[in-house]
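Single-structure report; data block below.
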Amino acid sequence: MSRLSDITHRIQERVRESMAQNENQVFMGLTFVIGAVVGLVIVAFIVVTDSLEAWLYAEGTPHWRRLVTPIAGTLFVGYLLYRFFPDARGSGVPQTKAAMFARRGLIPLRTVIGKFIASSITLASGIALGREGPSVQMGAGLASSIGRGLGLSGDKLQMLVPVGAAAALAAAFNTPLAAILFALEEIMGNLHAPILGSVVVSVFTSLFVMRLLLGNEPLFHVPAYESVHPAEFIVYALLGVVGGLVSVFFVKLMLRMREKFLNMPRRTRWLQPAAGGVVVGVLAFALPGIFRFGHSTVGEALNGSLPLSSMVILLVLSVFATAVCYASGNAGGIFGPSLFMGAMVGGSLGAVAHGYFPDITASPGAYALVGMGTAFAGILRVPMVSVIMIFELTQDYAIIVPLMISNLISFFVSYKLQKTPLYEALALQEGIHLPTSESEKRHLQVRLAMRPPHETFSSDMTVADCIERAGHSSMRAWPVTDKNGVWGVVSLEQLEKALDENRSDAKVGSLLDSRAFPHLHADHSLDLALERMGKVGYDLLPVVSRANVHEMEGVCSLLDVLRAFGVHGRQPGAPDSDERVS
């Protein structure tokens with residue numbers, strides 16, 4: 001055992017030495033390894049899931065199994081997630097983003113194993129979720145584990161997360177360009193990220209492994225797209241509106257359901273996934289000829305062989321079933337269900353349009369195809385990814401224009417009616433604050449200007465006590481803390497106003513709303529810090545953890561920001577620059 005530990009230590013030292021001497025070359029070589037390993041694991045995930053599903057629902061099995069299998073599967077998975085793999089719940093994409101930004105790229109190998117087992121059983125049981133989200137978390141986790149095994153940490157480990165995520169998505173979806181774009185746009189939040197080359201290498205290595213073992217079989221067999229008449233663009237625009245409305249309804253329904261489940265007693269957590277199993281089981285048992293999720297049903301819609309009534313029923317049932325399955329904590333993603341819903345929306349609208357205007361509209365299958373991208377753009381808020389993905393499925397340039405029209409309208413409707421993107425909202429429900437487009441790493445960051453909090457007020461101090469201490473300070477705003485961490489920020493103006501209102505004996509904590517106080521994160525840009533200070537009128541804000549908004553990592557003042565920009569001056573109450581946190 002000690003010999004193995006010694007060998008591992010030597011490998012880590014050799015990698016560190018190589019990284020120091022030839023950093024870019026070694027990192028690029030590591031992405032080849034990650035791409036190959038991730039490709040193999042995702043192939044195994046696909047094979048295991050499909051084989052288990054074929055065994056559970058083999059031809060000739062009793063009809064009652066359609067009721068029992070989803071319930072039994074989710075009960076078993078619920079116990080596994082509760083007892084052994086709590087971080088393997090859900091889609092995997094928000095968890096990956098949380099690991100990237102709140103945990104510096106740390107995803108334990110235990111989570112990867114748990115995700116593989118739980119998602120395989122969940123999906124094979126017939127639960128209305130997809131395999132692509134879990135694949136993203138597994139790929140990112142494998143990259144993180146390989147990086148840690150070789151002794152990487154900090155920024156280098158963090159950069160491996162999108163490398164592994166993109167490789168996994170490419171292998172699971174067989175759409176390499178969409179995988180690259182998704183990793184950069186959604187996981188990184190930066191299309192110009194310096195790791196673009198590494199992401200491309202890992203994606204095509206993973207794709208090579210997948211196609212070598214499983215063949216180059218498309219996810220869906222898509223008929224040739226044809227544009228019949230320019231007036232069709234009106235129908236595609238209408239599809240964008242309808243798709244956007246359906247997307248918003250689904251997201252709001254799922255978030256509301258998930259909030260209900262999260263507020264239930266923790267001891268019920270192991271039982272919650274069974275709610276999804278019950279819904280799927282009852283529907284599959286009661287409607288065996290209609291209630292069918294999966295790629296084969298989408299294929300029928302694309303080929304125009306699904307009747308209008310079936311598509312409408314499947315749309316309604318899939319929205320409800322997927323919302324319950326995800327909200328209850330099952331291990332599965334939203335990619336697949338988004339495409340399913342989109343195909344049903346597009347197919348239904350296309351069938352109606354073609355029924356009334358057969359001479360100027362294409363077959364319903366064309367609208368089902370565009371609808372897949374439309375719902376994907378509306379639910380996940382990645383319109384360009386959805387355009388590239390559908391194009392990769394069809395390899396037909398003619399579809400790009402209707403796709404762009406429908407997707408962008410759906411995105412706009414979704415944005416107007418649901419301000420917070422889905423993955424960000426899911427993370428917020430867990431208390432994790434993910435960076436948004438406004439916090440992309442543009443230039444100097446708050447981490448370069450922040451410093452330790454040398455002056456704070458306790459939440460149980462009276463206003464009078466705070467006023468007295470403020471008289472000996474040159475600051476005009478102070479973090480307010482309690483035993484659980486930072487409570488908020490109080491300004492001199494707030495204290496003076498409370499004093500004028502004869503509230504000198506009031507606790508300073510009563511002046512604040514601890515649920516939503518102004519704050520910064522270390523990876524915020526300094527111009528965003530200035531914007532937030534100006535918006536709330538404070539010259540100092542606490543810098544808090546993304547994993548826990550009440551965990552204060554430091555403070556950042558207006559003068560700290562100016563000093564970081566090169567405008568030097570003495571910071572009131574601040575230490576010398578050599579004591580600054582960086």
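The values are calculated or read from the model by the stated rules, or taken from the named source; none is laboratory data. As the structure is a computational prediction, the values presented were derived from the model and not from experiment. All Cβ positions, glycine included, derive from the backbone under ideal geometry; neighbour counts span all protein chains shown.
For R266, are the conditions met, namely being farther than 29 Å from L417 by Cβ and surrounded by fewer than 21 Cβ atoms within 10 Å (Cβ to Cβ)? Write out each step before concluding.
Details: farther than 29 Å from L417 by Cβ: yes; surrounded by fewer than 21 Cβ atoms within 10 Å (Cβ to Cβ): yes.
Answer is yes for this residue.
Of all residues in the stretch 172-213, count the ones that are part of a loop (DSSP other than H, G, I, E, B) and at pLDDT 85 or above.
2
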**Residues of the stretch 214-254 that turn out to be crowded, with 19+ Cβ neighbours inside 10 Å, in a helix (DSSP H, G or I) and among the aliphatic types (A, V, I, L, M), as a count** = 7
**Request:** For the stretch 521-557, name all the residues that are without any contact (Cβ under 8 Å) to a residue 24 or more places away in the chain and either touching a His at 6+ places or on another chain (Cβ under 9 Å) or crowded, with 23+ Cβ neighbours inside 10 Å (or both).
**Result:** R532
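Look through L67, L75 and report the one residue that is farther than 30 Å from A427 by Cα, at pLDDT 80 or above and touching a helix residue (DSSP H, G or I) at 6+ places or on another chain (Cβ under 7 Å).
None of the other options fit; the residue is L67.
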**Request:** Specify the residue that is surrounded by the most Cβ atoms within 10 Å (Cβ to Cβ); the eligible residues are those in the stretch 131-158 that are touching a residue at least 60 places away in the same chain (Cβ under 8 Å) and more than 19 Å from A44 (Cβ to Cβ).
**Result:** G147
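Test A237 against the stated conditions and say whether it is farther than 15 Å from V161 by Cα, at pLDDT below 90 and small (G, A, S).
Values: farther than 15 Å from V161 by Cα: yes; at pLDDT below 90: no; small (G, A, S): yes.
No, not satisfied.
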**Complete:** Taking the stretch 23-72 and keeping only residues that are surrounded by 13 or more Cβ atoms within 10 Å (Cβ to Cβ) and either at positive phi or part of a loop (DSSP other than H, G, I, E, B) (or both), one is left with Y57
**Message:** Looking at the stretch 134-171 only, could you name the residues that are at pLDDT 90 or above and not hydrophobic (A, V, I, L, M, F, W, C)?
**Reply:** P134, S135, Q137, G139, G141, S144, S145, P162, G164
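Could you please give the count of residues in the stretch 255-292 that are farther than 30 Å from P62 by Cα and assigned to a loop (DSSP other than H, G, I, E, B)?
Let us first name the residues in the stretch 255-292 that are farther than 30 Å from P62 by Cα, namely 255-269.
Checking which are assigned to a loop (DSSP other than H, G, I, E, B) leaves us with 263-265, 269.
Matching residues across the stretch 255-292 total 4.
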**Request:** Scan the stretch 325-342 and give yes if some residue there is over 20 Å from G276 (Cβ atoms), out of contact with any Pro (no Cβ under 7 Å at 6 or more places or on another chain) and not assigned by TED's automatic domain parsing to the domain that holds G189, otherwise no.
**Result:** yes
**Message:** Out of the residues in the stretch 87-130 meeting the condition of being free of Cβ contacts under 8 Å to residues at least 40 places away in the same chain and over 20 Å from A171 (Cβ atoms), tell me which one is surrounded by the most Cβ atoms within 10 Å (Cβ to Cβ).
**Reply:** D87
